[in-house]
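S.K.: Take a look at the following structure, please.
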Amino acid sequence: MSRVPLRRAFADLPPYVPGARVPVGAAAYKLSSNENPYPPLPSVVAAVADAAVDINRYPDMYATELTEAIAASILVAPESVVTGCGSVAVLGHVLQAVCESGDEVVMPWRSFEAYPIAITLAGAVGVPVPVGADGRLDLPALAAAVTPRTRVILVCTPNNPTGPAVHADELAELLAAVPKDVLVVIDEAYVEFVRDPLAADGLAAFAEHSNVVLLRTFSKAYGLAGLRVGYAVARPRLAAGIRMASTPFGVSHVAQLAALASLRAVRELMTRVDKIVVERARLLDVLRSQGWTVPDSQANFVWLALGDQSSAFAERSARAGVLVRPFAGDGVRISVGEPEATDLLLEVAADSSPR
Ligand code: PMP
């Protein structure tokens, strides 16, 4: 056994546990990682094949063409876009770019499980603020948790794993209350699935406030989870700092071309997103008619706050052929996938219903 000590902060850090923690068995459907159930479009597969002939070379370090295409698609300057190996890596780069050792990062909890890890890796200290029983972020409490040591506030909207989106008025109040030298990172990994008319518009907040950074990804709505492409939108000076912190050549040539092809196919991909949103409504409606209390979801997953029944539910679901994601002692997150997967899941849910 190695006697080299690991960083002390690692001692209590829960690891990021991807996908299913239950026996896979014969499970046919994977609803445990908020992936897109649709296979890649032929045009995206063709872009990947074309890119493959160049993999003896390093990729374009700053993903110039992709960066410009992203910027054009959201009407910001290319200097404001920083790509990376998934938005989870970009989050790490953002924190490393602004946090001094011991700085505080205020974050909702429960939220995306990578947050505490990324904060610790950046040498900062996470300050968790409880999410309400309705699964909604408590923005006044996030603002109230700010101290002179606070460098960053994380806002996850829609919140993973509970589902609701932050409303525009709530975000406006938070941004008005927070000092301008505190960075507000709005994690919009699921923004394309949002249909709540009251939901906050991250790009509008970015345009209005110089301390806002957005995080977005090609992993969910664009269906490129396996290629790892995400990006930050930040004011140019901040964006330059995030680039300094980034892993060199962090987005492969294959991933850059696939993301570009996906942007070109955005209409078709957003039609798929619409179908997932319809399926989400069915899943929510039937679960509620079965007697479950389910928070609103503006993402591609729903949340059952099953408490200490979470792991048992996930095991029953896996035996029925559907992998879902238990957070022990807290709840189960179910991604919206194929209609057949919803049907199977709903059978398990009916058998375990609180009624
Ligand atoms: N933010 C949130 C809220 C997420 O749920 C995820 C993925 N689970 C990510 C960021 C990271 O996505 P990726 O690294 O695949 O871009």
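S.K.: Find how much the distance from Glu340 to Ser289 grows on full extension, using 0.36 nm per residue of separation minus their present alpha carbon separation; answer in nm with one decimal.
M.R.: Gain on stretching Glu340 to Ser289: 16.5 nm.
S.K.: Where the centre of each part is set by its Cα atoms, how far does the stretch 150-220 sit from the stretch 333-355, in angstrom?
M.R.: The stretch 150-220 and the stretch 333-355 have Cα centres separated by 30 Å.
S.K.: Between Glu65 and Arg237, how high is the FRET efficiency from 1/(1 + (r/R0)^6) when r is the Cβ-Cβ distance and R₀ = 25 Å? Nearest 0.05.
M.R.: In this case the efficiency is close to 0.60.
S.K.: Another one. Give me the orientation-averaged projected area of the Cα convex hull of the stretch 210-256, in nm², one decimal.
M.R.: Approximately 3.7 nm², given one-decimal rounding.
S.K.: Using the Karplus curve 6.51 cos²θ - 1.76 cosθ + 1.60 with θ = phi - 60°, work out ³J(HN,Hα) for each residue of the stretch 119-127 in order, rounded to whole Hz, and write x for Gly and Pro.
M.R.: 5, 5, 4, 7, x, 9, 10, x, 10
S.K.: Going by how many other Cβ atoms sit within 10 Å of their own, how do Tyr38, Tyr190, Tyr16 line up, fewest first?
M.R.: Fewest-to-most Cβ neighbours within 10 Å comes out as Tyr16, Tyr38, Tyr190.
S.K.: Could you pull the Cα extents of the chain along its three principal axes, largest to smallest, in whole Å?
M.R.: Per principal axis, max minus min of the Cα coordinates gives 55, 55, 51 Å.
S.K.: Right, another one. What is the packing order of peptides 47-60, 87-100, taking the mean over residues of other C-beta atoms within 10 Å and listing the highest first?
M.R.: Order by mean packing, descending: 87-100, 47-60.
S.K.: Something else: Quick one: which of 64-77, 314-327 comes out on top by average Cβ neighbours within 10 Å, and what's the full order, highest first? Before the final figure, lay out each step's value.
M.R.: On the way: 64-77: 15.8, 314-327: 22.4.
The packing order, highest mean first, is 314-327, 64-77.
S.K.: Rounded, prolate or oblate: pick one for the stretch 136-242, where a ≥ b ≥ c are the square roots of the eigenvalues of its C-alpha gyration tensor, a/c under 1.5 means rounded, and failing that, prolate if a/b is larger than b/c, else oblate.
M.R.: Taking the square roots of the gyration eigenvalues as a ≥ b ≥ c, the stretch 136-242 is oblate.
S.K.: Which percentage, to the nearest 5, of the DSSP beta bridges contained in the chain is antiparallel?
M.R.: The answer is about 45 percent antiparallel.
S.K.: Can you bin the stretch 185-274 into rounded, prolate or oblate? Criterion: square roots of the alpha carbon gyration tensor eigenvalues sorted a ≥ b ≥ c, rounded for a/c under 1.5, prolate for a/b above b/c, oblate for the rest.
M.R.: Oblate is the answer for the stretch 185-274, as a/c is 1.5 or above yet b/c matches or exceeds a/b.
S.K.: Tell me, Lys275, Lys30, Lys220, Lys180 in order of fewest to most beta-carbon neighbours within 10 Å?
M.R.: Ordered from fewest to most neighbouring Cβ atoms within 10 Å, Lys275, Lys30, Lys220, Lys180 come out as Lys180, Lys275, Lys30, Lys220.
Laboratory data are not the source of any read-out in this text; all were calculated from the coordinates shown. Note that the coordinates shown come from a computational prediction; the quantities given were computed from them, not determined experimentally. Don't worry about glycine lacking a Cβ; one is built from the backbone with ideal geometry, like all the others, and counts go over all protein chains shown.
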